[in-house]
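The values are calculated or read from the model by the stated rules, or taken from the named source; none is laboratory data. It should be emphasised that the depicted structure is a prediction, and the values quoted were computed from it without experimental measurement. Reconstructed Cβ throughout: ideal geometry from the backbone, glycine too, with neighbour counts over all protein chains shown. SASA here: full protein model, heavy atoms, side chains in, ligands and nucleic acids out. Shrake-Rupley method; radii C 1.70, N 1.55, O 1.52, S 1.80 Å.
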Amino acid sequence: MRILSVLSVSASLLLSSHSVIAASAGETQVQSAAPVSSESCERLASLELPNASITMAKAVAAGTFVGPPEEFTGRDLSAFYKLLPAFCRVVVHARPSADSDIVVELWMPLSGWSGKLEGLGNGGFAGQIAYEGLGGAMFHGSAAVATDTGHSGSPIDAAWAMGHPAKIADFGHRGIHEMTRVGKLVVEKFYGSGAKRSYFIGCSDGGREALMEAQRYPADYDGILAGAPANYWTGLLSTAVVDLQALTATPESFIPPAKISVIANAVLAACDKLDGAADGILNDPRQCHFDPASIECKAGEATDKCLTAPQVASLKAIYAGLRDASGKQIFPGYLPGAEEGRGGWETWITGPAPAKSAQAFFGIGYFSNMVYEKRGWDYKSFAVDSGIQTAKDKTAGALDAVNADLTPFQARGGKLILYHGWNDPAIPALNTVNYYSEVLAKMGQTNADSFVRLYMIPGMQHCGGGTGPDDFGQFGVSGHNDPQHNAFVALENWVEKGTAPGSFIASKHAGGAPTGAVTMTRPLCPYPQTAEYKGSGDPNSAESFVCSAKK
């Protein structure tokens, strides 16, 4: 299926970091618990849990695990599985409601446990277990827990939701909480003591899950790393439908893949030098006031080098975002920059053909199955004001994670690091900026500074990829295991040592994999600071930039 191969690009970016964990695991020194026997693992099969049952408790010898391919791409993970240490594998079915069946999988190293539990987020509509993430967490000594959030299937399939409000609640928030509750109970029984610290990592829907944990279940985790959160779910997927309407308003409205480069080149020509460095990266795309009308075809001009008037209208709608009938902004639009690339606009926004983008697929899947519960729902019938209100009435309580009052999370010592690529084509970057600003307004700058940071990543697309550096430990690992290069290590230091994070150094690797040679480094500054070019030096080196609060 075309849509699955399209979405696999971002999924592989999310998961590829784990290919280097084994090589770097020895660099991370942890105080580990005493080894636990295989028999202790298998005795967990008789453990009784409230509203849950253990269906598997099995010790797995080092390098012998046989598991499925990677969830989005079908990529063979057998080489990765051979690197795994000996561990205890536990599968639990949690049933908080009569219509719930939340599969939870917990992997616990038999030796070298750091005393930490790592919860893993999902992507898309969930439905699968993140096996590579479970294995990756064990390389730095953590026990790890993941879930399908209450349904099994493709992460691009929402058919399971129709007629099942309890399953929507499980997907929305209850599944991750149940995963965490069960995980902590099993860890305590297995090791003889509870986890000293617990952390959650997620991007995209996993970022939404991360914020849902901080807002609704503040006692679950000590530290949360939340990337590109789809937290305003109803607004995001309403925007997806409206953009789809614009791109298919007439047959001439669609922007084909061949014209994405026309847009990208025009944006760079207009805005690349605004930050002082002509490097193909917009440090802050909000400074770019690119006018799509500037590339509208003139009379007699070849249309493969410009946009037709209907295509200009579509592009303006994508930039404009979601607005109600009075013109008031409901949800932000997409920013110019990084339109090209394997995880760019063709993947997410415009698609290889009309109504074949990831955005179209998720928007239609959400409204068909969760809101209107109607197979074959016609997206062209969507009206913004009534449609988003219906979506909120039906699903916001389960899916939206927009509460800016994080006082309970702060009060228990929780720490939160947010990040988002400025050129994310899946979830507009301004959504996360807006949420962070709402937290500041609600809690005050001083309070917020004590427990939350936001990092905006120039040139990065959805969770990774793009023209800018995109490796900074956002998935728990990177080519470096120090707090200056690894956001997860910085989060641990903040939670465990009270050392608040400053700037990070992000890297870009040849071929897009952490095993590739480093081709670019750049500082990532705590928002609202930005990385300002010093005016001289190699623009591919972090040393040529300084974090600045200049507006």
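The set of residues from region 279-316 being among the hydrophobic types (A, V, I, L, M, F, W, C) and touching a Pro at 6+ places or on another chain (Cβ under 8 Å) comprises 281, 282, 288, 290, 307, 312, 315. Scanning region 347-401 for residues that are under 21 Å from residue 323 (Cβ atoms) and over 24 Å from the mean Cα position of the chain (by Cα) turns up 379, 380, 381, 382, 383, 384, 385, 386, 387, 389, 390, 393.
Residue 540 - would you say it is over 17 Å from the mean Cα position of the chain (by Cα), surrounded by fewer than 20 Cβ atoms within 10 Å (Cβ to Cβ) and not in a loop (DSSP other than H, G, I, E, B)? Step through it out loud before you land on a result.
Working: over 17 Å from the mean Cα position of the chain (by Cα): yes; surrounded by fewer than 20 Cβ atoms within 10 Å (Cβ to Cβ): yes; not in a loop (DSSP other than H, G, I, E, B): no.
Answer is no for this residue.
Scoring residue 416 on the criteria (1) assigned to a loop (DSSP other than H, G, I, E, B); (2) over 24 Å from residue 543 (Cβ atoms); (3) open to solvent by less than 10 Å² (accessible area, probe 1.4 Å) leaves a single failure, condition (1). In region 36-70, which residue that is of a type in the set (S, T, N, Q) and free of Cβ contacts under 8 Å to residues at least 24 places away in the same chain is nearest to residue 175 (Cα to Cα)? Of everything passing the filter in region 36-70, 46 is nearest to residue 175 (Cα to Cα). How many of the residues in region 35-71 are closer than 21 Å to residue 177 by Cβ and assigned to a strand (DSSP E or B)? Final tally of qualifying residues: 5. Listed by position, the helices (runs of 4 or more DSSP H) enclosed by region 200-293 that each have at least 1 residues that are over 24 Å from residue 330 (Cβ atoms) and over 25 Å from the mean Cα position of the chain (by Cα) are 260-271. Across region 159-199, the number of residues qualifying as of a type outside the set (A, V, I, L, M, F, W, C), within 16 Å of residue 134 (Cα to Cα) and either without any contact (Cβ under 8 Å) to a residue 40 or more places away in the chain or assigned to a helix (DSSP H, G or I) (or both) comes to 3.
If the condition is being aliphatic (A, V, I, L, M) and in contact with a strand residue (DSSP E or B) (Cβ under 6 Å, 6 or more places away or on another chain), then region 495-505 contributes 495, 505.
Would you please name the residue that is least open to solvent (accessible area, probe 1.4 Å), looking only at residues in region 468-505 that are of a type in the set (Phe, Trp, Tyr) and part of a loop (DSSP other than H, G, I, E, B)? The extreme case among them is 472. If the condition is being assigned to a loop (DSSP other than H, G, I, E, B) and over 9 Å from residue 421 (Cα atoms), then region 449-464 contributes 450, 451. Within the set 272, 304, 284, 291, the sole residue that is among the acidic types (Asp, Glu) and in contact (Cβ under 8 Å) with a residue 60 or more places away in the chain turns out to be 284. Here residue 289 meets the list (1) buried (at least 17 other Cβ atoms within 10 Å of the Cβ); (2) farther than 26 Å from residue 161 by Cβ almost entirely, failing just condition (1). Restricting attention to region 351-393, the residues that are exposed (fewer than 15 other Cβ atoms within 10 Å of the Cβ), part of a helix (DSSP H, G or I) and touching a Ser or Thr at 6+ places or on another chain (Cβ under 8 Å) total 1.
Filter region 95-118 for residues that are open to solvent by less than 10 Å² (accessible area, probe 1.4 Å) and of a type in the set (Ser, Thr, Tyr) and give the result.
Result: 100, single match.
Give 482, 538, 471 a once-over and let me know the one that is charged (D, E, K, R) and closer than 24 Å to residue 124 by Cβ. After applying the criteria, what remains is 471. Please work out if residue 464 is at pLDDT below 95, under 23 Å from residue 347 (Cα atoms) and open to solvent by less than 20 Å² (accessible area, probe 1.4 Å). Considered against the rule, which asks whether it is at pLDDT below 95, under 23 Å from residue 347 (Cα atoms) and open to solvent by less than 20 Å² (accessible area, probe 1.4 Å), residue 464 comes out as yes.
Select, from 300, 341, 337, the only residue that is in contact with a helix residue (DSSP H, G or I) (Cβ under 6 Å, 6 or more places away or on another chain) and at positive phi. Just a single option satisfies the conditions, and that option is 337. Scanning region 506-533 for residues that are in a loop (DSSP other than H, G, I, E, B) and either modelled with pLDDT of 95 or more or in contact with a strand residue (DSSP E or B) (Cβ under 6 Å, 6 or more places away or on another chain) (or both) gives 514, 516, 525, 527, 528, 529.
When the residues of region 297-323 are filtered to those that are at pLDDT below 95 and part of a loop (DSSP other than H, G, I, E, B), the one that is most open to solvent (accessible area, probe 1.4 Å) is 298.
For every residue, the table says whether it meets (1) more than 27 Å from residue 115 (Cβ to Cβ); (2) not charged (D, E, K, R).
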residue	(1), (2)
144	no, yes
150	yes, yes
157	yes, no
165	yes, yes
181	no, no
185	no, yes
189	no, no
200	no, yes
203	no, yes
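Keeping to region 133-149, report how many residues are farther than 24 Å from residue 427 by Cα and either part of a helix (DSSP H, G or I) or open to solvent by less than 10 Å² (accessible area, probe 1.4 Å) (or both). Qualifying residue count for the region: 11.
For residue 326, the conditions (1) in a loop (DSSP other than H, G, I, E, B); (2) surrounded by 17 or more Cβ atoms within 10 Å (Cβ to Cβ); (3) polar (S, T, N, Q); (4) free of Cβ contacts under 8 Å to residues at least 60 places away in the same chain all hold with the exception of (2).
Checked across region 442-454, the condition of being buried (at least 23 other Cβ atoms within 10 Å of the Cβ) and touching a Pro at 6+ places or on another chain (Cβ under 8 Å) holds for no residue.
Mind telling me which of the residues 170, 220 ends up being open to solvent by less than 10 Å² (accessible area, probe 1.4 Å) and either touching a Lys or Arg at 6+ places or on another chain (Cβ under 9 Å) or more than 30 Å from residue 38 (Cβ to Cβ) (or both)? Talk me through it step by step, then tell me what you get.
Values: 220 fails: open to solvent by less than 10 Å² (accessible area, probe 1.4 Å).
On inspection, the qualifying residue turns out to be 170.
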